[in-house]
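S.K.: One structure coming up, written as structure tokens, with questions to follow.
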Amino acid sequence: MDFLAFFVSLPTNQSAGRMRVWRALRALGCATLRDGVFLLPESPQHAAALAQVAEEVRAINGTADLYHLDGRDAAQQAAMAALFDRGQEYASLLAAIAAAENLGAKTLRALRRELGSLAAIDFFPGEARRQAEAALAALEASATDEPSAAAGKIRRLAVADFQGRTWATRQHLWVDRMASAWLIRRCIDKKAKFLWLADPKRCPKKALGFDFDGATFTHVGTRVTFEVLAASFGLDSDPAIARIAAIVHSLDAGGVPVAEAAGIEAVLAGVRAAAADDDKLLSEASRIFDSLYRNFKEENQQ
């Protein structure tokens, strides 16, 4: 791999400007070759980003030059790549994961964002990154009791074959299970009956399980249960359903942020705190999802 070498010299009387430049270089994931010389793997994006930093340097009367750099041999290439080692940063993240207490959605999202930011500048990923990803995934699973993602393709199913059935999921509903139950009753099986399971392993054989390991409908690949149900019954072509799916995915699995997600999470959390049981919780949550669906439907028709 070739590198970009950024040579920079900053005036000593511009402390605020110097700090802005150092922060920008750190945010880009630059490695330090020696004092005043910073490296990034060569790419058009990195070249453009360093050109912007160079403008900032010159604005405070410093000097900045950008060069292409290539190692003389494989050993020197490896030595330059080693300058980007993120082992210590992953170690700090692993320590934060191990020490996490009183876990809530915000804590998990903060750790996930930290991992995402670190991974974005981990240009030579290795075992440290794998360990951090595995540790955070295990923490999320234990904290949320979310099902593991299954492998395989999603089969298209006929709504007519799933009428008047009993559907079962884990009790103490949260976003994915709330939304999935709403979708089932609104769009798949209007006469659906629901069982809220204290122990998913004791799910009745005749019941259609959803959102737990081994269930008929659960996470597949990167899709959460709501998305799997929508895709299974051809509902994902509805733009309003697709927008709700994006919110559910963001709140259940993280990833791409959705503008409405934080507000919906707060409303659902309030409903959950006030509901006496899961039947009443689903009833109240369904009103919210009905309103969302109508709003998104109307916006799409404008």
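S.K.: What strands (runs of 3 or more DSSP E) completely inside segment 1-93 contain at least 3 residues that are under 30 Å from the mean Cα position of the chain (by Cα) and not assigned by TED's automatic domain parsing to the domain that holds Ser117?
M.R.: Of the strands (runs of 3 or more DSSP E) lying wholly inside segment 1-93, those with at least 3 residues that are under 30 Å from the mean Cα position of the chain (by Cα) and not assigned by TED's automatic domain parsing to the domain that holds Ser117 span 37-41.
S.K.: Mind listing whichever residues of segment 111-123 are within 15 Å of the chain's Cα centre (by Cα) and surrounded by 13 or more Cβ atoms within 10 Å (Cβ to Cβ)?
M.R.: Once the filter is applied, which keeps residues that are within 15 Å of the chain's Cα centre (by Cα) and surrounded by 13 or more Cβ atoms within 10 Å (Cβ to Cβ), segment 111-123 yields Leu111, Arg112, Glu114, Leu115, Ser117, Leu118, Ala119.
S.K.: Same structure, new question: Among what's in segment 252-269 and is under 28 Å from Asp199 (Cβ atoms) and at pLDDT below 90, pick the residue that is surrounded by the fewest Cβ atoms within 10 Å (Cβ to Cβ).
M.R.: Gly254
S.K.: Continuing with the same structure: Please specify each residue of segment 183-221 satisfying the condition of being touching a Ser or Thr at 6+ places or on another chain (Cβ under 6 Å), touching a residue at least 40 places away in the same chain (Cβ under 8 Å) and among the charged types (D, E, K, R).
M.R.: The answer is Asp211, Asp213.
S.K.: Same structure, new question: Determine which single condition Leu39 fails, assuming it passes every other condition in (1) at pLDDT 95 or above; (2) loosely packed, with under 13 Cβ neighbours inside 10 Å.
M.R.: (2)
S.K.: Testing Gly214 on (1) farther than 20 Å from Asp236 by Cα; (2) at pLDDT 95 or above; (3) not hydrophobic (A, V, I, L, M, F, W, C), one condition comes back false. Which one is that?
M.R.: Evaluating Gly214 over (1) farther than 20 Å from Asp236 by Cα; (2) at pLDDT 95 or above; (3) not hydrophobic (A, V, I, L, M, F, W, C) leaves (2) as the failure.
S.K.: Mind checking whether some residue in segment 57-67 is surrounded by 13 or more Cβ atoms within 10 Å (Cβ to Cβ) and closer than 12 Å to Met1 by Cα?
M.R.: no
The rows are residues; the columns are (1) crowded, with 19+ Cβ neighbours inside 10 Å; (2) touching a helix residue (DSSP H, G or I) at 6+ places or on another chain (Cβ under 9 Å); (3) closer than 21 Å to Val224 by Cα.
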| position | (1), (2), (3) |
| --- | --- |
| Leu93 | yes, yes, no |
| Pro125 | no, yes, no |
| Leu157 | no, yes, yes |
| Trp174 | yes, yes, yes |
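S.K.: When you scan segment 270-291, do you find a residue that is within 23 Å of the chain's Cα centre (by Cα), free of Cβ contacts under 8 Å to residues at least 60 places away in the same chain and not assigned by TED's automatic domain parsing to the domain that holds Ser117, even just one?
M.R.: Looking for residues that are within 23 Å of the chain's Cα centre (by Cα), free of Cβ contacts under 8 Å to residues at least 60 places away in the same chain and not assigned by TED's automatic domain parsing to the domain that holds Ser117, one finds none in segment 270-291, hence no.
S.K.: Next up: Being without any contact (Cβ under 8 Å) to a residue 24 or more places away in the chain and of a type outside the set (D, E, K, R), is that true of even one residue in segment 140-151?
M.R.: Yes, the conditions are met somewhere in segment 140-151.
S.K.: Between Arg272, Arg294, Arg287, which is surrounded by 15 or more Cβ atoms within 10 Å (Cβ to Cβ) and either of a type in the set (D, E, K, R) or touching a helix residue (DSSP H, G or I) at 6+ places or on another chain (Cβ under 6 Å) (or both)?
M.R.: The conditions single out Arg272.
S.K.: Let me ask something else. Quick check: anything in segment 159-171 part of a helix (DSSP H, G or I), closer than 30 Å to Leu111 by Cβ and in contact (Cβ under 8 Å) with a residue 24 or more places away in the chain?
M.R.: no
S.K.: Collect the residues in segment 234-251 that are under 20 Å from Ile188 (Cβ atoms) and either of a type in the set (Lys, Arg) or buried (at least 20 other Cβ atoms within 10 Å of the Cβ) (or both), keeping them in residue-number order.
M.R.: Result: Leu235, Ile241, Arg243, Ile244, Ala245, Ile247, Val248, His249.
S.K.: Which condition number in (1) assigned to a helix (DSSP H, G or I); (2) more than 23 Å from Ala141 (Cβ to Cβ); (3) among the aliphatic types (A, V, I, L, M); (4) at pLDDT 95 or above is the one that Ala242 fails?
M.R.: (4)
S.K.: Confirm whether Leu94 is modelled with pLDDT of 95 or more and closer than 24 Å to Ala128 by Cβ.
M.R.: no
S.K.: Kindly provide the set of residues from segment 245-264 that are touching a residue at least 12 places away in the same chain (Cβ under 8 Å), farther than 15 Å from His172 by Cα and in a helix (DSSP H, G or I), ordered by number.
M.R.: Ala245, Ala246, Ile247, Val248, His249, Leu251, Ala253, Ala261, Ile264, listed by residue number.
S.K.: Same structure, new question: Failed condition for Glu101, given (1) acidic (Asp, Glu); (2) loosely packed, with under 13 Cβ neighbours inside 10 Å; (3) modelled with pLDDT of 95 or more, with all others met?
M.R.: (3)
The values are calculated or read from the model by the stated rules, or taken from the named source; none is laboratory data. What you see is a predicted model; the values in this text were computed from it and never measured. Note: ideal-geometry Cβ built from the backbone for every residue, glycine included; neighbour counts use all protein chains shown.
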